[in-house]
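Any read-out appearing in this document is the output of simple, stated calculations on the displayed coordinates, not a laboratory observation. Small disclaimer: the values here were computed from a predicted structure and weren't measured. Cβ placement follows ideal geometry from the backbone for every residue including glycine, while neighbour counts extend to all protein chains displayed.
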Amino acid sequence: MKTLEVRLPHSLGTEGAHAKLDAALVKARAQYEQQVGPIEANWEADDRLKVGLSVMGMQFDGQIDVLPEELVVKLNLPMMASMFAGKIREGIEQQLAAVIKA
């Protein structure tokens, strides 16, 4: 299993970023759960969101650490998904950038 790490700066502060992630999670569940199944997410601490979902039979687990000026995503990629790490990174960067700006 390969761990993919994506860092994205923000100026929302910890509470602002937390609120944006909560809103994005509600939207993602409404938009994608029919295709991928349940999107598991829970706050393990005030600054760490644990996430998990299954896509095409592959389980993706990870976390988003909310730092005062940066979001750090760590996602465990199944071996079959490792070859798409660049595209997955790109998608995470684009989606998180949209979340931060929303």
Ordered by fewest other Cβ atoms within 10 Å, a rough proxy for footprinting exposure, E5, E93 read E5, E93
P(r) tail for region 2-101, what percent of Cα pairs lie past 19 Å? 40
Can you tell me the order of 94-102, 66-74 when each peptide is scored by its average per-residue count of other Cβ atoms within 10 angstrom, highest first? 66-74, 94-102
Most mobile listed residue (D61, D46, D22) in the chain, GNM with C-alpha springs under 10 Å: D46
Helix axis angle, 13-36 relative to the chain longest principal axis, alpha carbon, degrees: 30
Contact order normalised by residue count of region 2-101, Cα under 8 Å, 6+ apart, percent: 37
